[in-house]
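Take a look at the structure below.
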């Protein structure tokens, strides 16, 4: 596993964020067209204008480690892997041969639900035949809940139910707790 390292946090603009999303979609489409296989795409749920922080690097590296452990456990064949960290946030891509996107998505949802930091990861799985990301709704799985309350995460985000500071505090507290537990476990 390539461990991406922290640099100085740089604020990003909305324009940079939108351009990064566009480039990520282009990369996803290019990988789907090139390999005709299931594609896993990883980003981090990090609200605010700072996307590359100590916390986001930890989240990304833990997600990569968990995904790669799952890939080895399930004996999925990786045809292509790419990890990088533009100032707009860490991104990871894995092209998986000979496994159905729906089954991979189910496994990754389970991983997100079981891992202490999984709620902060955004793992999309694209079907190579349609190019569409497999959604929780397509699998009859409940949508994600808000990090702060029990409402739908999308509804809270849309209505801006919680402040950025509240969200960042919850995220930071989750990560601090994870670090504390793993520091104790490592002793």
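Read-outs: derived from the displayed coordinates by stated rules, not from any lab. No experiment lies behind these values; they were computed from the predicted model shown. Cβ: placed from backbone, ideal geometry, glycine included. Neighbour counts: every protein chain shown.
Computed quantities for the displayed model
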| item | result |
| --- | --- |
| Computed label-point distance, nm, for sites residue 179 and residue 103 using a 7 Å Cα→Cβ extension | 4.0 nm |
| With Cα atoms, 0 to 90° folded angle of helix 101-114 axis to the chain main axis | 20 degrees |
| Gaussian network model of the chain, Cα within-10 Å springs - most flexible of 177, 45, 29 | 177 |
| Residue with peak Gaussian network fluctuation, the chain [Cα springs, cutoff 10 Å], from 121, 94, 76 | 76 |
| Extension gain (nm, one decimal) between residue 142 and residue 163, 0.36 nm per residue minus Cα-Cα | 5.1 nm |
| The range 112-150 and the range 8-42: distance between their alpha carbon centers, rounded to Å | 17 Å |
| Residues of the range 84-113 with amide N under 16 Å of the 7 Å Cα→Cβ point at residue 15 | 88 |
| Cα-based helix-to-principal-axis angle, 164-186 vs the chain, degrees rounded to 10 | 80 degrees |
| Whole-Å semi-axes of the range 1-142's equivalent ellipsoid (Cα gyration tensor) | 24, 17, 15 |
